[in-house]
1. Between a first residue in segment 176-194 that is more than 26 Å from His223 (Cα to Cα) and a second residue that is acidic (Asp, Glu) and not in a strand (DSSP E or B), which pairs have beta carbons less than 9 Å apart while being 6 or more apart in sequence or on different chains?
2. Could you tell me which of the residues Arg155, Arg249, Arg245, Arg262 is in contact with a strand residue (DSSP E or B) (Cβ under 8 Å, 6 or more places away or on another chain) and surrounded by 15 or more Cβ atoms within 10 Å (Cβ to Cβ)?
3. Could you please find all residues in segment 56-77 being more than 22 Å from Trp177 (Cα to Cα) and out of contact with any strand residue (DSSP E or B) (no Cβ under 7 Å at 6 or more places or on another chain)?
4. Looking only at segment 133-147, decide whether some residue is part of a loop (DSSP other than H, G, I, E, B) and basic (Lys, Arg).
5. In this structure, is Ile97 in contact with a Leu (Cβ under 8 Å, 6 or more places away or on another chain), in a helix (DSSP H, G or I), more than 26 Å from Glu239 (Cβ to Cβ) and not assigned by TED's automatic domain parsing to the domain that holds Ala241?
6. Could you identify the single residue in Leu130, Leu112 that is touching a residue at least 12 places away in the same chain (Cβ under 8 Å), buried (at least 20 other Cβ atoms within 10 Å of the Cβ) and over 13 Å from Ile6 (Cβ atoms)?
7. Give the residues of segment 228-250 that are more than 18 Å from the chain's Cα centre (by Cα) and modelled with pLDDT under 95, sorted by residue number.
8. When you go through (1) touching a residue at least 12 places away in the same chain (Cβ under 8 Å); (2) surrounded by fewer than 22 Cβ atoms within 10 Å (Cβ to Cβ); (3) under 17 Å from Phe152 (Cα atoms); (4) within 23 Å of the chain's Cα centre (by Cα) one by one for Lys76, which number turns out not to apply?
Amino acid sequence: MTLVSIVTPSYNQAAFLEQTIRSVLEQDHPELEYIVVDGGSTDGSLEIIRCHADQLAWWASEKDSGQAEAINKGMKRARGEIVGWLNSDDMLLPGAIASAVQGFASRPKAVLVYGDTRAVDAENRTLNVLHYRQLSLADLLCFEIIGQPAVFMRRSAFEAAGGLDPSYHFMLDHQLWIKIAQQGEIVHVEQVWAAARYHPGAKNRAQATGFAQEAFRLHEWMHGQAALAPLVKRVERRERASVQRVNARYLLDDGQPWPALRAWMRAFLIHPPTALRRLNLLGSAVLSLAGLGALREAVLRNRQKRLSR
């Protein structure tokens, strides 16, 4: 039986931490090792962790430099052949780990498998279901984003990649996927494995522009990697347009429709097909600039109601 290790980095997320922990401990895969690495929370998180301490392989609570350091610390303790991490406001869905193990078993050359992700709000109401496709290394270089909670890796691949770069705080997972995808196959499984939480305190909402800034930094990093140079050159226009498209998306999330529109137009001028794949970004920016942002919100609410039925 394959041992799976899950690491949860945690800091002041007591409102969601209990659900996160239970979503891992209640998985039906019998060989499971769970590690929680807290950054010195002061909001009641420690009491929650202590309640489950006898079911954890290891846990700690001490100051660190952020998410990447906490995950790397937990991974150094992990013994599983397959590993993943789950942030303290996200959840694994029932059967996710068993399905991931089966995914690796059916594709022995796979170094990473990923499922689909449900986006939920603070009350667990479904906002969207993110269905991905089978991606290549070239797609990752062009900022095709995978929902991190639904990703599992071989521990050997994580270690060969050098773990997470602690200097990244937003696009740290995407950089890791690129490093791992250079080692072997990445495989998509068409099942919803995780729920990613979108709430006002989440990084993807509270610090949206940080993601865009790190996307440009990751763009520079990719262009400086000798091993990636031939592939980067082959997809250069698409990649350059993609980083502008990412910028547009996060500028919109930050409530900056005019800069978002300019970023989308830059993407269009560089590589029209890449920009047109996210025509919704153009529409949202235009609606906001026309004072019709409430219409966009109404469309999003209607989608949420349909998905929650």
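The values are calculated or read from the model by the stated rules, or taken from the named source; none is laboratory data. The structure displayed is predicted, hence computed values, not measured ones. Quick reminder, even Gly has a Cβ in these numbers, built from the backbone with ideal geometry, and neighbours come from all protein chains shown.
1. Going by the 9 Å Cβ cut-off, the qualifying pairs are Ala194/Asp90.
2. Working: Arg249 fails: in contact with a strand residue (DSSP E or B) (Cβ under 8 Å, 6 or more places away or on another chain); Arg245 fails: in contact with a strand residue (DSSP E or B) (Cβ under 8 Å, 6 or more places away or on another chain); Arg262 fails: in contact with a strand residue (DSSP E or B) (Cβ under 8 Å, 6 or more places away or on another chain).
The match here is Arg155.
3. Just the residues of segment 56-77 that are more than 22 Å from Trp177 (Cα to Cα), to begin with: 56-64.
Scanning segment 56-77 gives Glu62, Lys63, Asp64.
4. Restricting attention to segment 133-147, the residues satisfying the condition of being part of a loop (DSSP other than H, G, I, E, B) are 133-136, 142-147.
Add one more test, that the residue is basic (Lys, Arg), and what stays is 133.
There is at least one residue in segment 133-147 that is part of a loop (DSSP other than H, G, I, E, B) and basic (Lys, Arg).
5. On the way: in contact with a Leu (Cβ under 8 Å, 6 or more places away or on another chain): yes; in a helix (DSSP H, G or I): yes; more than 26 Å from Glu239 (Cβ to Cβ): yes; not assigned by TED's automatic domain parsing to the domain that holds Ala241: yes.
In short, yes.
6. Working: Leu130 fails: buried (at least 20 other Cβ atoms within 10 Å of the Cβ).
On inspection, the qualifying residue turns out to be Leu112.
7. Those that are more than 18 Å from the chain's Cα centre (by Cα) and modelled with pLDDT under 95: none in segment 228-250.
8. Going through the list (1) touching a residue at least 12 places away in the same chain (Cβ under 8 Å); (2) surrounded by fewer than 22 Cβ atoms within 10 Å (Cβ to Cβ); (3) under 17 Å from Phe152 (Cα atoms); (4) within 23 Å of the chain's Cα centre (by Cα), Lys76 breaks only (1).
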